[in-house]
Amino acid sequence: MKISPTVSYFEEPLLQFKFGQKLVYPRDGLFLYGPVDESKDTKQIRYGVISTPNGLKRFKAWAKTMNGFIDIPKPGKRSRANNPQHVPFPGFTEAFGAEWPVEPVIALGDIDPDELSRVLHIGNRHEAVQKAVDLFVAPIINAENRAENPPQFWFVIIPEEVYRLGRPTIVVPKGQREQGEIYITPAKAKKLQVQPTLFGDEEAQAEVYKYAAHFRRQLKARLLKDKIVTQLVRETTLAPQEFVKANGMLLRPVEDAATIAWKLGTGCYYKAGGRPWQLADVRPGVCYVGLVYKQDDSQSDRRYSVCAAQMFLSNGEGVVFRGALGPWWHTIKKEFHLDRNAARALISTVVAEYTGSHGEPPKELFIHAQAAFSNEEWAGFQEGCAKETNLVGIQITDERGGIKLFRPGQYPVMRGMALKINEHQAYLWTAGYVPRLDTYMGPETPNPIMIKVQRGDCPLDQVLKDILGLTKINFNSCLLNDRMPVTIKFAN
């Protein structure tokens with residue numbers, strides 16, 4: 001049955017906290033009730049810290065504040081601190097029911113700031129970032145190997161210079177540039193894959209292009225094989241008052257101390273093994289999988305990409321699967337698509353993981369992707385899925401700069417509004433005015449995301465409700481929602 005374009009509103013999804021209590025805002029639930037899993041998960045946080053000497057001092061001073069009440073700032077002429085989205089931080093133990101130690105399990109506070117600055121100024125950005133990351137990765141791995149009971153995660157405290165220079169697009173001025181040791185270019189490194197040298201000297205240099213020239217991404221990637229979890233924090237976040245411009249203004253604007261505590265505290269609790277909240281009133285047996293693709297710049301063939309899939313359950317738990325590297329980028333269509341065998345293998349792995357945890361295959365499996373599904377790709381997904389599972393393919397795209405929706409009054413469109421084009425496609429506003437916050441947390445007129453039931457069968461309203469809920473389980477922060485569902489945001 002075809003439908004004409006209609007506008008609908010979906011209520012803000014509820015989150016569940018301790019004692020089964022339900023609220024829409026994570027900070028309210030944690031402040032009033034505590035995390036959903038307090039009775040069975042982590043009761044003590046164990047973290048390590050790596051930093052420069054000054055960074056360690058700033059971290060320890062900040063860590064002490066996490067054990068106490070942090071009020072929101074007094075409202076002023078230019079302050080919005082009295083807005084409803086601001087919630088005082090009650091203290092880590094009061095919010096999460098877990099002990100927060102001021103002293104880290106392992107403290108590595110001897111990163112040489114002069115050496116860190118020197119390598120960051122190397123002209124070749126890949127070499128500069130690799131050597132900067134080396135200063136952090138090697139000590140962390142050595143400490144982990146020596147520890148009988150290693151930290152659950154590591155704080156990596158970075159000077160502002162790392163944030164500023166640890167990026168691929170930065171060009172160091174000639175007068176400040178350091179001479180590096182790498183002389184081969186990225187193009188030469190790619191050529192070596194098909195035309196290797198006799199002695200392998202240049203191949204060794206080509207290793208510098210294996211990882212992204214981005215400090216944060218490379219650090220996390222290089223620690224992944226050792227299953228080491230990190231929380232990167234800038235020194236200016238921990239002690240903003242110590243970094244001021246010549247005119248007395250802060251070097252960079254930061255959020256108030258309570259908001260920083262909420263965000264970092266939630267991320268730390270999650271990385272230590274806890275689960276702060278989960279979606280309430282969800283259907284049992286439902287599994288969501290997000291697919292994203294990344295072209296491998298180290299390959300000489302532009303088609304070669306890797307596909308990542310991340311499985312999410314209604315309680316927010318997720319498992320990442322890396323698919324095979326292959327020619328998934330179609331240069332004519334400008335789209336990513338797996339072949340039949342790779343699609344079958346990937347979804348089979350997801351179903352096996354779910355079955356191993358639940359004793360049976362999922363009743364419903366939703367695959368979220370930013371591109372449409374090809375016939376060959378979808379056939380592979382169907383072959384890898386259990387027959388009793390309802391398999392549905394959802395295409396989700398960002399519609400920034402496209403269609404706009406307005407309503408009377410001074411506030412923009414409400415979050416949860418949807419413009420349904422037909423029975424399979426709709427625009428969903430995952431950002432907009434939220435009654436609980438009494439504001440819109442954004443700088444411009446809200447843009448929707450486009451949702452299309454591209455394969456399989458599920459009522460459109462149910463799909464939209466699910467996706468709205470999946471914008472609320474980002475445990476690396478403590479916001480009411482993200483704009484994109486966790487299936488796309490985290491896999492990406």
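Just a few scattered comments:
- Fully extending the segment from D438 to R118, taken as 0.36 nm per residue of separation minus the present Cα-Cα distance, adds 110.4 nm.
- Within region 60-152, the GluC sites (Glu not before Pro) that combine a DSSP coil assignment with at most 11 other C-beta atoms in a 10 angstrom radius are E148.
- Close amide H pairs (under 5 Å, H built 1.01 Å from N) link W154 with G48, V229, T230, Q231, residues at least 5 positions away or on another chain.
- For the chain, the 222 nm mean residue ellipticity estimated from helices alone, with every DSSP H stretch of n ≥ 4 adding -39500 (n - 2.57) and the total spread over all residues, rounds to -8500 deg cm²/dmol.
- Listed residue pairs exceeding 22 Å between alpha carbons, taken from K363/K465; K64/K271; K210/K271: K210/K271
- The calculated FRET efficiency for R252 paired with K74, based on their beta-carbon distance and R0 = 25 Å, is about 0.70.
- Neighbours of G265, meaning other residues whose beta-carbon lies under 12 angstrom from its beta-carbon, give a summed charge of +2 when Lys and Arg score +1 and Asp and Glu score -1.
- The HN-Hα couplings worked out from phi for region 230-237 by the Karplus form 6.51 cos²θ - 1.76 cosθ + 1.60 (θ = phi - 60°) are 10, 10, 7, 9, 7, 4, 5, 6 Hz, whole numbers, x standing for Gly and Pro.
- Between N149 and A187, the distance separating the two model label sites (each 7 Å from Cα on the Cα→Cβ line) works out to 5.7 nm.
- Table column - 3J(HN,Hα) (Hz), region 12-20, Karplus curve with 6.51, -1.76, 1.60, x for Gly and Pro: 4, x, 8, 10, 10, 10, 4, 6, x
- Amide proton proximity set for I122, modelled H, under 5 Å, gap of 5+: E178
- Oblate is the label for the chain, because a/c, from the alpha-carbon gyration tensor with a ≥ b ≥ c as root eigenvalues, is 1.5 or above and a/b does not exceed b/c.
- Phi-derived couplings, Karplus 6.51 cos²θ - 1.76 cosθ + 1.60 at θ = phi - 60°, listed residue by residue for region 415-426: 4, x, 6, 9, 10, 8, 7, 7, 6, 10, 9, 7 Hz, with x used for Gly and Pro.
- Amide hydrogen proximity for L15: with H placed 1.01 Å from N in the peptide plane, the residues at 5 or more positions away or on another chain lying under 5 Å are L23, V24, A280.
Readers should treat all values here as calculations from the given coordinates under stated rules, not as data from a laboratory. This structure is a prediction, so every number in the text was calculated from the model and none was measured. When we count neighbours, we look across all protein chains shown, and the Cβ atoms used for this are built from the backbone with ideal geometry, even at glycine.
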